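A short write-up of the structure that comes next.
Read the figures in this text as sums done on the coordinates, not as results from a lab. Quick caveat: nothing in here was measured; it's all calculated off a predicted structure. Heads up, the Cβs are rebuilt from the backbone with ideal geometry, glycines too, and the neighbour counts pull from every protein chain shown.
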Amino acid sequence: MANDYAIGRYTAAAIRTHPKERAEMTSQLLLGEPVRLLEKGKVFCHVRCSDDDFEGYVRTDQLLAVEERTYRLQRDNPAFALDLYSTLLGDSLGLPVTFGARLPDFDGMRLRHGQQVFNYAGQAALSEDLKTDAELLIRLARRWLYVPALEGGRTPTGVDAAGLVQLLARLINIKLPRTAEAMSCQGRMVDFVVQAQQADLAFFDNRKGQIEHVGLLLPDSRILHVHDRVRIDAIDHFGIFNYELGQYTHRLRIVKRLLPDQDQQNVLLKKRRKPEEIDENQLVIF
């Protein structure tokens, strides 16, 4: 590679803890997402993600070298793919893309990725056109219902709790760290649970007091999070209550707010309510 900048070449590349195929996958680099190259190797490159400074190792053949101009555009005002699944169509090939992928040099119909020109017919939007808005965040989040859990995952074939929240927040122009623990240091503290509002982030700790889980608060004492799958469960001041198991699964530690205060607060009711078997709003069109 001739320079220090690259973007994801394919649908999703594993980011690993060490430059080995069997090393733990801690995250994924989506198509078009920009990284700095800290160390270049024939098989693996040590990379730093542009949005959150998250570091790891990605296979060299799954990176596409770019000039600094492209890197900055993909970092500062990218065009995001908004469909869970779609396809870039070229003259002789198709390239799958997922929610949150970044479309280089996108003009509303076409984009250039490396030496190839592709057509894209799915939903997309420039970062500058996406509102920092609680309702938009929740609408986008509902699209992910029933996606399976995958540690380190960031795609609709598998996602983890922090990865989903980070990806959704970036779509409304909020950049968050990659882990729930680091994420919990962002935003403003909600001092009392009764003051919580929709789109606040709830954080949960383990028996050692370490924050290891995060979810997105919804109205009526509900939370969207990743546990076995992306799901909506009940929540109260103790934590997340799973009606399928008949027990609490996560202990509430803190609630943080990233968005402006709203007139309507107190989304956590005194008595939790059982989420519907099937969420009617799962397929709300953006």
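Odds and ends about this structure:
- Placing unit charges on each Cβ (+1 for Lys and Arg, -1 for Asp and Glu) gives the stretch 134-257 a dipole about its Cα centre, and among 246, 226, 140 the Cα reaching farthest toward its positive end belongs to 140.
- The 3J(HN,Hα) values that the Karplus relation (6.51, -1.76, 1.60; θ = phi - 60°) gives for the stretch 134-144 are, in residue order, 5, 5, 5, 4, 5, 4, 5, 5, 4, 4, 8 Hz. Gly and Pro appear as x.
- Across the stretch 232-246, computed HN-Hα scalar couplings (Karplus, 6.51 cos²θ - 1.76 cosθ + 1.60, θ = phi - 60°) run 10, 10, 7, 9, 9, 6, 7, x, 8, 10, 9, 5, 5, 8, x Hz from first to last residue, x flagging Gly and Pro.
- Take every pair of alpha-carbon atoms less than 8 Å apart whose residues are at least six positions apart; their mean separation over the length of the chain yields a relative contact order of 14 percent.
- Only beta bridges with both residues in the stretch 53-173 are counted; by DSSP, about 95 percent of them are antiparallel.
- Sorting 66-73, 33-40, 254-261 by average packing, meaning the other beta carbons within 10 Å per residue, from highest down gives 33-40, 254-261, 66-73.
- Unit Cα scatterers, Debye sum, the stretch 83-146: log10 I(q)/I(0) for q = 0.25 Å⁻¹: -1.11
- Packing-based ranking, highest mean first, of 213-220, 235-242, 126-133, 21-28 given that Cβ atoms within 10 Å are counted: 213-220, 235-242, 21-28, 126-133
- Interchain or long-range residues, amide H under 5 Å from residue 252's placed H: 239, 240
- Reduced Cα scattering model of the chain, Debye log10 I(q)/I(0), q = 0.12, 0.16 Å⁻¹: -0.76, -1.25
- Kirkwood's formula applied to the C-alpha pairs of the stretch 5-126 gives a hydrodynamic radius of 14.4 angstrom.
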